[in-house]
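Worksheet: one structure, shown below.
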Amino acid sequence: MRARRRHVLVLTAVDAERDAVAAGLAAAGRAGSGFEAVTVGVGPAAAAAGTMYALMEKLTVERWHPGLVISAGIGGGFAPAAPVGSLAVAETIVAADLGAQTAEGFAPVAELGFGRSEHRPPAGLSRSVADALAAAYGPVLTVSTVTGTAERAAELAGRHPGAVAEAMEGFGVAEAAAFFDFPVLEIRAVSNAVGPRDRAAWRIGEALAALTSAFGKLPGVLEVEAAHDGT
Ligand SMILES: O=C(O)c1cccc(C(=O)CC[C@H]2O[C@@H](n3cnc4c(=O)[nH]cnc43)[C@H](O)[C@@H]2O)c1
C-alpha cells in the first residue's frame, strides 16, 4: 500500500521543546492537522535513531508521508547574530565536530573522504522561513560537546563563517531525512550564548516561548511557500 498524505514532522530533543512546538501549532489552529512533533532525545546519535524510527513508523504504520522534516529546539546563539530569546534558521546544517584532529587543525569528515559534513535545506524555503520569523540565517552547527569556552566559540566561528547557532541534534535529524530524500529545516530558539559556560545565564523559558511563537507562524509561512511552488 502506498503512503498517502504529506505532512510536516518536527523532531525535538526533549518533551519541553515538543510541548512548546505543539502549543504554537495549537495557537495556529494546526494541532493534529498536518503537523506532528515527536521527542527523539539529546545529541546527534539519539536524534538520527529517533528520527529514523519516527519516519519508518509514519511511512509504514500510519501511512503518513512527511513532505518536510524539521529539527527544532533550543540552542546556543553566536554573537552578535543570534542573541538570547531570538530565533535562528539553518542555511546549512553542519556536523561541526565530526572529523579528525590533525597537526594542521580540524579536518571535517567529508574532507577525509567519508560521508557528509553538512546538509543544505531547500534554499528558497529556509530563507523565506527565516525572513518570516525575523530569524538569524546562516550555518547552524551540530556538536556532540556543548561549547563552554570563548576559545572554542572563536574556533568554531572561524571555521564556519556566518554561523548563527549551535545545538546537538540537527545533523542527526538531517541524516535520517536524507536517507529518504525528504527536505529538512532546522529552527533554533536561543537559550544561551555560545561561549564561556554560565548556567545562570540560561533563559530556557524565554527560548521555549520563542519556539512557540515561531511554530504559531510557521504553518502560514509554509502554506504561502507551497502556493508559490504550486505544490
Ligand atoms: O551544562 C552545561 O553547561 C550545558 C550547556 C549547554 C547545553 C547543555 C545541555 O545539556 C542541553 C543540551 C540541549 O539543549 C540544546 N542546546 C542548548 N544550548 C546549547 C548550546 O549552547 N550548545 C549546544 N546545544 C545546546 C541541545 O540541542 C540539546 O538538546 C548543558
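The values are calculated or read from the model by the stated rules, or taken from the named source; none is laboratory data. Values in this document were obtained by computation on a predicted structure and should not be read as measured data. Note that we place each Cβ from the backbone using ideal geometry, even for glycine, and neighbour counts take in every protein chain shown. Just the protein is used for accessible areas: all its heavy atoms, side chains included, with ligands, DNA and RNA removed. Shrake-Rupley method; radii C 1.70, N 1.55, O 1.52, S 1.80 Å.
The heavy atoms of T147 offer some 10 square angstrom of accessible surface to a 1.4 angstrom probe. Each Cα pair under 8 Å and six or more residues apart adds its sequence gap; the mean of these over the residue count of region 8-229 is a relative contact order of 32 percent. Ranking of M56, M168 by solvent-accessible surface, largest first: M56, M168 (1.4 Å probe, protein heavy atoms only, all chains present).
Decide, for region 153-231, between rounded, prolate and oblate: order the square roots of the alpha carbon gyration tensor eigenvalues as a ≥ b ≥ c, take rounded if a/c falls under 1.5, and otherwise choose prolate if a/b is larger than b/c, else oblate. Verdict is oblate for region 153-231.
Taking the helices alone, the chain has a mean residue ellipticity at 222 nm of -12000 deg cm²/dmol, built from -39,500 (n - 2.57) per DSSP H run of at least 4 residues and averaged over all its residues. Near V190: Cβ cut-off under 9 Å, other residues only, Lys/Arg at +1 and Asp/Glu at -1. The net charge is +1.
Between region 147-207 and region 98-146, the C-alpha centres lie 10 angstrom from each other. Looking at the chain, the DSSP beta bridges with both ends there are about 25 percent antiparallel.
Rounded to the nearest whole Hz, the Karplus-based 3J(HN,Hα) values (6.51 cos²θ - 1.76 cosθ + 1.60, θ = phi - 60°) of region 93-110 follow the sequence 10, 10, 7, 7, 10, 9, x, 9, 8, 10, 4, 8, x, 6, 10, x, 4, 5, with x at glycine and proline. Between I74 and A189, the built amide H atoms are under 5 Å apart, and every one of these is 5 or more places off in sequence or on another chain. The length gained by stretching the chain between V224 and V42 to full extension, at 0.36 nm per residue less their Cα-Cα distance, is 62.3 nm. For the chain, the alpha carbon convex hull comes to 115 Å³ per residue, rounded to a whole number. Put I93, I74, I204 in order of accessible area, highest first, and with a 1.4 Å probe you get I204, I74, I93.
Could you order F215, F182, F114 by accessible surface area, starting with the largest, using a probe radius of 1.4 Å?
On the way: F215 0, F182 25, F114 135 Å².
Output order, biggest surface exposure first: F114, F182, F215.
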